[in-house]
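Structure first, then comments.
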């Protein structure tokens, strides 16, 4: 059940398009940036993650709950916002995907 939920949410976020251009927003997030082309990325971003890593974790059954799954998406989007300028497409795409299909699925743990 959890794996199916993760797959459904993953697919929804992964297929999200820019309404103006119909460009799939997830393309740049598909795999980790090249260490050769973007060596500074790995100095700035301490926990790199991409859609590929998240998909592997779903397949391997690594997620114990939706909060952990959601946390990896938040990490990916926060990494994009940390590394890229606010005016960039990557930054905008991260913001658009961050508020996409997650809202109805994620329940937050009660505050202690």
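So that you can scan it fast, the table gives a plain yes or no per residue for (1) modelled with pLDDT of 95 or more; (2) closer than 12 Å to residue 76 by Cβ; (3) surrounded by fewer than 11 Cβ atoms within 10 Å (Cβ to Cβ):
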site	(1), (2), (3)
16	no, no, no
26	yes, yes, no
30	yes, yes, no
50	yes, yes, no
56	yes, no, no
61	yes, no, yes
Looking at segment 45-61, which of the residues that are within 16 Å of the chain's Cα centre (by Cα) and part of a loop (DSSP other than H, G, I, E, B) is nearest to residue 9 (Cα to Cα)? 50
Segment 60-76 residues that are at positive phi, paired with ones that are assigned to a helix (DSSP H, G or I) and surrounded by 13 or more Cβ atoms within 10 Å (Cβ to Cβ) (beta carbon under 8 Å, 6 or more apart): 61/3
Which of the residues that make up segment 73-93 are over 16 Å from residue 50 (Cβ atoms) and assigned to a loop (DSSP other than H, G, I, E, B)? 85, 86, 87, 88
So residue 70 fits all but one of (1) under 18 Å from residue 11 (Cβ atoms); (2) in a helix (DSSP H, G or I); (3) at pLDDT 95 or above; what number is the exception? (3)
For segment 1-44, enumerate the residues that are within 16 Å of residue 98 (Cα to Cα), in a loop (DSSP other than H, G, I, E, B) and out of contact with any strand residue (DSSP E or B) (no Cβ under 9 Å at 6 or more places or on another chain). 19, 26, 30
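The values are calculated or read from the model by the stated rules, or taken from the named source; none is laboratory data. Note that the structure is predicted; figures quoted are calculated from it, not measured. All Cβ positions, even for glycine, are placed from backbone atoms using ideal geometry, and neighbour counts span all protein chains on display.
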